[in-house]
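What follows is one structure encoded as structure tokens, with my remarks underneath.
The values are calculated or read from the model by the stated rules, or taken from the named source; none is laboratory data. Bear in mind that the values here come from a model prediction, so they are computed numbers and not experimental data. Using ideal geometry, Cβ is built from the backbone for each residue, glycine included, and neighbour counts are taken over all protein chains shown.
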Amino acid sequence: MAGINFRTASKFLDVTATSASTSGSPNNANTLFTCPASHEAEIVLLMVANEGSSTSNIGIQVYHADDTTYHFFVANEAIAGNSHEHYIASGPLFLHEGDKVLVFKHSGSSSFDVTLSARLYYTPARRT
């Protein structure tokens, strides 16, 4: 029996964008991760840390490449100052080629640091 082959990827981002992405304006949020060509991704960690001393609000989106739509993963989550939140807790998030994870802070919010870890599986003949 052959073993499952995967490689890992970690991404780190200082969030500066202050609005969500939409189909009419796709570059508003910061892109944290894009699933590479011929791969599927299993996101196993998505953590947001509030750098500031006061409560600030963050949004997280997932872009679904198959139908070119943005979906909210977290719309407007308050994170206490000098604190952090984990958003992958009870199971992984699976993405396919071209899917993205995007993040933005709400107006008036402090800066955030975001960390993502994923397993990448090479799938050259993906079935739809």
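Please count how many residues of segment 72-128 are surrounded by fewer than 17 Cβ atoms within 10 Å (Cβ to Cβ), touching a Cys at 6+ places or on another chain (Cβ under 7 Å) and in a strand (DSSP E or B).
Result for segment 72-128: 1.
Yes or no, residue by residue, for (1) among the hydroxyl-bearing types (Ser, Thr, Tyr); (2) free of Cβ contacts under 8 Å to residues at least 24 places away in the same chain:
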{"site": "Pro36", "(1), (2)": "no, no"}
{"site": "Glu42", "(1), (2)": "no, no"}
{"site": "Ser53", "(1), (2)": "yes, no"}
{"site": "Ser56", "(1), (2)": "yes, no"}
{"site": "Tyr70", "(1), (2)": "yes, no"}
{"site": "Phe73", "(1), (2)": "no, no"}
{"site": "Gly81", "(1), (2)": "no, no"}
{"site": "Gly91", "(1), (2)": "no, yes"}
{"site": "Val101", "(1), (2)": "no, no"}
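Hey, Ala9 hits all of (1) modelled with pLDDT of 95 or more; (2) within 28 Å of Ala125 (Cα to Cα); (3) part of a strand (DSSP E or B) but one; which does it fall short on?
Every condition holds for Ala9 apart from (1).
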